[in-house]
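Report on the following structure.
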Amino acid sequence: MGEMDLVALDGRTLVVLEVRSKQTGHPDDAARTVDKEKQRRLSLTALWFRKRHRLEALPLRFDVAAIIWPELGTPILEHHENAFPLAVRGGMFG
């Protein structure tokens, strides 16, 4: 399985938030580091979590919080809602 940075409810939607940060660049660069394999692991873990806590009736949403921490200056945060879809089909937790 894997780990989830943050799990929250947005109304009746179960949100899995992946946090990514870098020291330089644009927040989109940090968000793009959530590759297909990480999406697959997050999807499997989220499905397990949803089943384990009897939340199967809730839809899942995957968001990414991308943070740039410049050496000097103010951090830049971007929230990418619906950053990617569920990356697995069916399976033991689907």
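The values are calculated or read from the model by the stated rules, or taken from the named source; none is laboratory data. This structure is a prediction, so every number in the text was calculated from the model and none was measured. For neighbour counting, all protein chains shown are included, and Cβ atoms are generated from backbone atoms with ideal geometry for every residue, glycine included.
Which of (1) touching a Leu at 6+ places or on another chain (Cβ under 7 Å); (2) of a type outside the set (D, E, K, R); (3) modelled with pLDDT of 95 or more; (4) in a loop (DSSP other than H, G, I, E, B) does Ala57 not meet, given it meets every other one?
That leaves (1) as the condition not met.
Looking for whichever is assigned to a helix (DSSP H, G or I) and either within 12 Å of the chain's Cα centre (by Cα) or of a type in the set (Gly, Ala, Ser) (or both) here; the options are Ser43, Ser21. Which one fits?
Unique residue meeting the criteria: Ser43.
Regarding the range 52-73, can at least one residue be identified that is exposed (fewer than 13 other Cβ atoms within 10 Å of the Cβ), in contact with a strand residue (DSSP E or B) (Cβ under 7 Å, 6 or more places away or on another chain) and more than 15 Å from Val15 (Cβ to Cβ)?
no
What are the pairs, 6+ residues apart or on separate chains, where a residue within the range 15-39 that is in contact (Cβ under 8 Å) with a residue 40 or more places away in the chain and on the phi > 0 side of the Ramachandran plot has its Cβ under 9 Å from a residue that is surrounded by 16 or more Cβ atoms within 10 Å (Cβ to Cβ) and among the aliphatic types (A, V, I, L, M)?
Filtered contacts from the range 15-39: Gly25/Ile68.
Can you confirm whether the range 72-82 contains a residue that is within 18 Å of Glu3 (Cβ to Cβ), assigned to a loop (DSSP other than H, G, I, E, B) and not β-branched (Val, Ile, Thr)?
No, the conditions are met nowhere in the range 72-82.
Which condition number does Ala30 fail, the rest of (1) more than 21 Å from Val88 (Cα to Cα); (2) under 15 Å from the mean Cα position of the chain (by Cα); (3) outside any helix (DSSP H, G or I) being met?
Here Ala30 clears every test but (3).
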